[in-house]
Structures are given as C-alpha cells and as structure tokens.
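Heads up: the structure comes next, in structure tokens.
The values are calculated or read from the model by the stated rules, or taken from the named source; none is laboratory data. This is a predicted model, so every value here is computed, not measured. As a convention, Cβ positions derive from the backbone with ideal geometry for all residues, glycine included, and neighbour counts pool all protein chains shown.
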Amino acid sequence: MDDAPEDLRPLLPCRVDENVFARIYEENCGLLVSLAVRKFQVPTVDAEALAHEVFLSYLRHAGEVRDLHHWLIGAICNASRYYWRKHGRNIEQLDTDIAAERPDPRSRNILFDLPDNIALDEVLERMPPRWAQILRLRYLDGYSIKEIAEQQGVTSKYMQKLVGKCLHRAQEIFNGMRARKDQ
Amino acid sequence: MTHSDDVEHLAECSACRQRFAANVVPFDPAARRNREREFTSVAGKLERERDESSDVVARYLRDTPTDEWSRLAEMPDLRNNAALEQMSEEVRRRLHRNPREALAIANLSASIAESLAPSQYPSVVLAQLRGTAWKDRASTLRYLARYDEALEAAERGEEAVAPFPSLAHDRAIIRLVKAITLGQLERFEEARAIFSECRQVFREHGDTKRYVQAGMAEAGSLYEADRIDDARKLWMDLLPHATAEGDVETQARIHNNLGYCEIRRDEFGSANIHFSEAVAGFTDLGYTSEVARTERGAGLVLIARGQITSGFARLRDARRAFTVAGMTEDAGLCGLNIAAVLIERGDRTAARAIAQDVIDEFTAAGMNERAISAVIALRDAIDVDDATAETVNTVHAVVESLREIHDAAN
C-alpha cells in the first residue's frame with residue numbers, strides 16, 4: 001500500500017494527458033500570481049508572465065518533481081527575486097522565525113515618538129515595499145489587523161506578529177538615521 | 001535571504017494556498033485562458049515527442065560510427081526535446097566509462113539545441129534545452145580535466161538561461177557543475193559561494209537529492225579550508241535529508257566525513273562511531289572496496305593523531321577487507337602501513353611476519369617484480385634490525401608509484 005500523502009507522490013511519473021496539465025495550471029496559477037504580487041510586489045502584469053514561465057519551465061522537470069506545490073512555490077519565489085534583481089531593487093522577504101518572536105518592547109512607543117522626530121515617509125522609503133505597505137495600511141489608512149490579514153491572505157495572528165516586526169524594523173531604521181545625523 | 005516558513009507552509013497546506021490565492025489579484029480571464037492553452041499545448045507536444053521518439057538516440061548512436069556522430073545534428077528526428085533528453089541521459093551513462101563518447105554526444109546535443117528554430121518551442125523551453133546541453137558539455141569536459149573549457153561551457157549554459165527569471169532551478173543545476181569545476185581549479189572561495197547559493201535554490205524547490213549533493217560539495221570545500229566546525233555542522237544538517245531520501249551511500253559518505261571532522265576536533269570516540277556507521281552503510285550496499293578504504297583512512301588518521309590502538313585495529317580490519325575484496329595491492333599497502341606501526345612500537349617479529357605475508361601475496365598474484373623486490377628488501381632490513389618506520393614508508397611509496405605507472409600505462 002502506498003501511504004504517502006497525495007502531494008508527495010510524483011504527479012507525472014510517465015505519460016499523462018493534457019487535462020492533467022490543465023488542472024495543474026488552473027489550480028495553481030492564482031497562487032503563483034498572488035505570491036509574486038503580494039510577497040514580492042511584482043506588478044500584476046509581470047507576475048502573470050512570471051507565473052506562466054514557471055509553468056512552462058516545469059514541463060521539462062515534471063518527471064523528477066516529487067512535490068508539485070513545493071517546486072512551483074520555490075520557482076515563483078526565486079523568479080520574483082530574480083525579477084527584482086534585474087529591475088534593480090532588493091526585496092527582503094518576510095522571515096517568520098523572527099516575526100514569531102515577541103515584539104521588542106522598545107517598539108511600543110514608536111508611533112508616538114516617530115512623528116515627533118522624523119518624517120514617517122523617510123523611514124517607510126527605506127523599508128522593504130511590503131513592510132512599508134503594511135505599516136501604511138495599519139497606521140496611516142487605519143485598517144484593522146484583521147482587514148490587513150485578509151487582504152494579504154494570512155491569518156490575523158500572523159499579521160499581528162508581522163506588524164510588530166515591521167515596527168521594530170522601522171525603529172531600527174530610525175535609530176540608524178539618527179546615529180548618522182549625530183556623527 | 002531565507003525562504004520563510006510561511007512560504008514553506010503554503011507548499012504543505014492546501015487550505016492556506018486557497019486563502020492566499022483567493023480574490024486578491026485581478027486578472028484578465030481571456031489572457032489567462034490563452035496562456036493555459038499555450039501551456040497545455042506545449043505539454044502535449046513534449047509528451048507526443050517523447051512517445052514518438054523512444055530510443056531514437058540509442059539507435060542512431062549504435063548505427064553510426066563514433067567519428068561521424070557530429071553529422072547526426074542534421075537528422076530531423078533528433079531535433080526535438082525528447083531526443084535532447086535522451087542525449088543528456090546518454091551523456092550521464094557514459095560519463096564514467098567513456099567520457100570521450102560522452103563529450104561527443106554533449107557536443108552533438110549543444111549543436112542541435114543551439115540551432116533549433118525559435119518557433120519550435122517557447123523561448124523559456126528553448127533556453128532550458130540550451131542550458132542543459134551546455135551543462136552536459138561542461139560536465140564531460142570537467143571529467144576529462146579540461147577545466148577551463150568546462151568553465152566556458154558552464155558559462156554558456158548560464159547565458160542561455162539568464163534572461164528568464166523562472167529558470168532558477170535550471171540555473172542552479174548549471175552553476176553546480178561550474179562550482180565543482182572551480183573547486184577542481186582550487187578556486188575554493190568562489191566555489192563555496194556558488195554551492196551555498198545552489199543549495200538554497202534546491203531546498204526551495206524541494207529538490208532534496210541535489211540539495212544534498214550541493215551540500216556535500218560545500219561541506220567538503222569548508223573542510224579543505226580548515227573550517228572543520230562549519231563543515232561538520234553542514235554534514236550533520238545533510239544527514240537527515242540523506243536518510244529521508246533513503247540514500248544509504250550518501251549517509252555512509254557523510255558518516256565517513258564526520259569521522260574525519262571528529263578526529264580533527266579530538267573527539268575520537270565520536271569519530272569511531274561515525275567510521276563504524278560508514279563501514280556498516282558501505283557493507284550493506286556491498287561496496288567492499290569502500291569499506292576497506294574507509295577503515296584504512298580512519299586507521300591512518302587515528303594513528304597520526306596518537307590513537308594507536310583504535311587506529312591499528314582499523315588498519316587490520318582494512319587489510320582484511322581489501323583481501324576479501326581481492327584487492328591484493330591495496331591489502332599489501334595496508335600491510336606495509338601496519339608494519340610501520342609495528343616497527344615504531346618495537347615489535348619487529350610481527351613486522352617481519354607481515355612483510356613476509358605481503359611478499360607471498362604479491363608473488364601469488366603475479367605482481368610487479370620491482371614491487372616484490374622492494375618488500376623483500378624491507379623484510380631483509382628488518383632481519384638485520386636496520387628498518388625504521390621511515391624505511392617502510394619509502395617501500396610503501398615505491399609500491400604505490402609502481403601502481404600509478406601501471407595504471408597510467410593502461
């Protein structure tokens with residue numbers, strides 16, 4: 001008996017019909033485009049093209065790919081990073097290991113302190129685009145954690161941690177700017 | 001940059017995948033349908049070509065003299081993805097036993113891939129075909145020790161895939177060959193950076209086999225650079241992946257390498273455990289020569305570090321394993337290693353006995369007369385109390401050099 005989870009079985013062990021490929025495309029296209037747009041801020045039109053290229057490149061690897069989703073997600077993440085390297089921007093991907101940690105207490109008063117000290121835009125400018133967007137949504141546009149989580153396609157709990165991490169990063173950037181000014 | 005856990009989670013959880021993809025990104029349904037149609041049509045084309053081309057390459061190679069293989073590039077039924085896949089497989093099969101034939105096939109493959117009509121496949125697929133062909137050429141050139149040309153070929157492969165962000169996996173496969181070549185040119189720093197980068201890409205694509213392969217090479221280069229703790233850490237990290245893959249050979253090799261790391265860290269107990277694990281793995285696989293080599297390597301290193309008893313025991317096991325495997329010359333060389341230790345310890349009787357055993361074995365196997373004479377001279381020197389460990393090592397070097405000359409002549 002083969003008791004491996006369905007996702008881990010080779011999807012394309014040998015010959016398959018075109019319907020299988022159509023299903024792969026339909027079931028995963030939205031996910032790949034969303035990853036490129038949401039996590040890496042790739043413009044939608046380019047994200048569609050990137051996702052399409054990922055599918056096409058998958059065809060020559062299909063026989064050796066054991067976990068389709070793992071492969072496709074790895075491919076779109078790498079493709080998005082490469083896209084930005086070619087377009088001259090560095091994207092820092094979210095790191096949930098750090099996000100899962102308790103937010104630094106030094107960040108607690110950041111919202112009161114920051115506007116008094118620097119232009120918020122200057123800090124946000126120096127942050128990875130997605131992080132800046134999350135802070136804007138939360139503190140400038142007034143969205144709730146739940147609303148931002150829904151919009152970003154993650155859980156509220158995760159978004160809460162993420163906001164903490166974004167604030168911490170903003171504080172670090174701010175401290176760095178202040179240190180440079182003091183020199 | 002790390003591949004964060006939420007992305008890892010998406011790969012494993014269908015509910016989160018659905019939620020993540022749901023109603024966020026607006027798209028043009030007609031454009032998406034057209035793309036899907038292109039994807040399924042290319043998929044169908046590749047499958048049909050595979051169905052129609054089974055064994056086509058093997059047949060052509062069999063029916064054509066080797067020196068005319070380059071002319072096969074004109075054959076219409078070899079000018080497609082399926083045939084190129086088969087050529088890549090033929091290169092892989094011949095790499096070890098006939099690298100020159102492998103190179104001829106890789107050249108044929110590169111020549112076909114470079115001259116396919118742009119309309120035959122989407123540009124990203126064409127780039128993959130070209131990248132793979134150049135990578136195969138790089139591998140064979142590396143195998144033939146033509147390292148500069150190998151690097152050039154790998155770079156041609158990189159150029160082929162460079163315009164396509166989606167080809168990170170293909171790019172990493174090509175760069176892995178490049179890094180191995182750089183390592184052989186002793187450009188360790190450059191090689192290590194590429195190994196590390198490739199490992200990351202393979203991990204993100206769930207390609208455990210290549211992840212371990214890149215990691216093994218990276219850890220090896222760390223060890224060479226004397227970064228023993230880093231190398232050890234990486235090998236330790238790779239071990240569960242090799243275990244999960246059921247790759248017993250790699251597990252045994254990792255244990256062997258960890259054994260060397262532990263010796264360098266003066267952790268002799270742990271080293272012995274790792275060497276024993278390596279020997280057990282190679283024994284399970286029936287790799288008798290690897291068992292013997294592992295024992296000999298471990299024995300020599302342990303003795304060099306002053307762990308005479310355990311090292312001596314391993315050398316004896318190694319000699320026994322070489323004898324069982326019918327590797328008379330290696331068994332003899334191992335016997336000389338043991339004789340050196342015995343002389344060092346003042347046990348000349350045992351050293352003479354083993355020298356005599358080696359003479360008898362070499363004679364029975366009809367080995368090189370000069371090798372036999374060298375060991376006879378050693379035995380006679382022991383008889384007159386005129387042999388030191390250095391004398392034995394000299395004889396060892398003579399026997400080994402005679403083997404190298406013999407190997408080169410063949």
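Test B:Val301 against the criterion of being touching a Ser or Thr at 6+ places or on another chain (Cβ under 6 Å) and more than 18 Å from B:Met236 (Cβ to Cβ), and give yes or no.
No: the conditions fail for B:Val301.
Which numbered condition in (1) within 14 Å of chain A (Cβ to nearest Cβ); (2) among the small types (Gly, Ala, Ser); (3) within 31 Å of the chain's Cα centre (by Cα) is the only one that B:Ser41 fails?
It is condition (3) that B:Ser41 fails.
Give B:Asp284, B:Asp226 a once-over and let me know the one that is outside any helix (DSSP H, G or I), in contact with a helix residue (DSSP H, G or I) (Cβ under 9 Å, 6 or more places away or on another chain) and of a type in the set (Asp, Glu).
B:Asp226
Of these, B:Ala377, B:Ala340, which one is assigned to a helix (DSSP H, G or I) and within 30 Å of B:Gly259 (Cα to Cα)?
Exactly one of B:Ala377, B:Ala340 is assigned to a helix (DSSP H, G or I) and within 30 Å of B:Gly259 (Cα to Cα), namely B:Ala340.
From B:Ala30, B:Ala15, B:Ala21, B:Ala83, grab the single residue that is modelled with pLDDT under 95 and touching a helix residue (DSSP H, G or I) at 6+ places or on another chain (Cβ under 8 Å).
After applying the criteria, what remains is B:Ala21.
Across the stretch B:67-124, what is the number of residues that are in contact (Cβ under 8 Å) with a residue 40 or more places away in the chain, surrounded by 17 or more Cβ atoms within 10 Å (Cβ to Cβ) and more than 19 Å from B:Ser53 (Cβ to Cβ)?
Summing the residues that are in contact (Cβ under 8 Å) with a residue 40 or more places away in the chain, surrounded by 17 or more Cβ atoms within 10 Å (Cβ to Cβ) and more than 19 Å from B:Ser53 (Cβ to Cβ) in the stretch B:67-124 gives 6.
Among the listed residues B:Asp247, B:Asp207, B:Asp284, B:Asp266, which satisfies the condition of being under 30 Å from B:Gly311 (Cβ atoms), within 14 Å of another protein chain (Cβ to nearest Cβ) and in contact (Cβ under 8 Å) with a residue 24 or more places away in the chain?
Just one listed residue meets the conditions, B:Asp247.
Could you check the stretch B:360-397 and list, in sequence order, the residues that are buried (at least 19 other Cβ atoms within 10 Å of the Cβ) and either under 25 Å from B:Ile308 (Cα atoms) or among the small types (Gly, Ala, Ser) (or both)?
B:Ala371, B:Ala374, B:Val375, B:Leu378, B:Arg379, B:Ile382, B:Ala387, B:Val392, B:Val395, B:His396, listed by residue number.
Filter the helices (runs of 4 or more DSSP H) completely within the stretch B:16-108 down to those with at least 1 residues that are within 30 Å of B:Leu144 (Cα to Cα) and aromatic (Phe, Trp, Tyr).
Qualifying helices (runs of 4 or more DSSP H): B:56-63.
Name the single residue, out of those in the stretch B:343-396 being polar (S, T, N, Q) and touching a residue at least 12 places away in the same chain (Cβ under 8 Å), that is nearest to B:Val324 (Cα to Cα).
Across the stretch B:343-396, the extreme among qualifying residues is B:Gln356.
Could you tell me which numbered condition A:Glu101 fails, if it satisfies all but one of (1) modelled with pLDDT of 90 or more; (2) loosely packed, with under 13 Cβ neighbours inside 10 Å?
Going through the list (1) modelled with pLDDT of 90 or more; (2) loosely packed, with under 13 Cβ neighbours inside 10 Å, A:Glu101 breaks only (1).
For the condition at pLDDT 85 or above and either assigned by TED's automatic domain parsing to the domain that holds A:Tyr158 or surrounded by fewer than 21 Cβ atoms within 10 Å (Cβ to Cβ) (or both), what is the one hit in A:Arg89, A:Arg106, A:Arg138, A:Arg66?
Exactly one of A:Arg89, A:Arg106, A:Arg138, A:Arg66 is at pLDDT 85 or above and either assigned by TED's automatic domain parsing to the domain that holds A:Tyr158 or surrounded by fewer than 21 Cβ atoms within 10 Å (Cβ to Cβ) (or both), namely A:Arg66.
Quick test of your reading of the structure: B:Gln200 fulfils all but one of (1) crowded, with 16+ Cβ neighbours inside 10 Å; (2) of a type in the set (S, T, N, Q); (3) closer than 21 Å to B:Ala278 by Cβ. Name the failing condition by number.
(3)
Within the stretch B:53-66, take every residue that is of a type in the set (Val, Ile, Thr) and surrounded by fewer than 17 Cβ atoms within 10 Å (Cβ to Cβ) and give me the one that is modelled with the lowest pLDDT.
So, considering only residues that are of a type in the set (Val, Ile, Thr) and surrounded by fewer than 17 Cβ atoms within 10 Å (Cβ to Cβ), the one modelled with the lowest pLDDT is B:Thr66.
So how many residues does the stretch A:48-59 have that are crowded, with 23+ Cβ neighbours inside 10 Å, among the small types (Gly, Ala, Ser) and more than 7 Å from chain B (Cβ to nearest Cβ)?
Selection size over the stretch A:48-59: 1.
Every residue, every condition in (1) farther than 24 Å from A:Gly63 by Cα; (2) within 15 Å of the chain's Cα centre (by Cα); (3) at pLDDT 95 or above, yes or no:
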| residue | (1), (2), (3) |
| --- | --- |
| B:Glu186 | yes, no, no |
| B:Val201 | no, no, yes |
| B:Glu204 | no, no, no |
| B:Lys209 | no, yes, no |
| B:Gly215 | no, yes, yes |
| B:Tyr223 | yes, no, no |
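Might you let me know whether the stretch A:8-17 holds any residue that is at pLDDT 90 or above and more than 8 Å from chain B (Cβ to nearest Cβ)?
no
Is it true that some residue in the stretch B:153-172 is among the aliphatic types (A, V, I, L, M) and away from every other protein chain (no Cβ under 14 Å)?
Scanning the stretch B:153-172, I find at least one residue that is among the aliphatic types (A, V, I, L, M) and away from every other protein chain (no Cβ under 14 Å), so the answer is yes.
Do you know which residues across the stretch B:109-124 are small (Gly, Ala, Ser) and not in a helix (DSSP H, G or I)?
B:Ala117, B:Ser119
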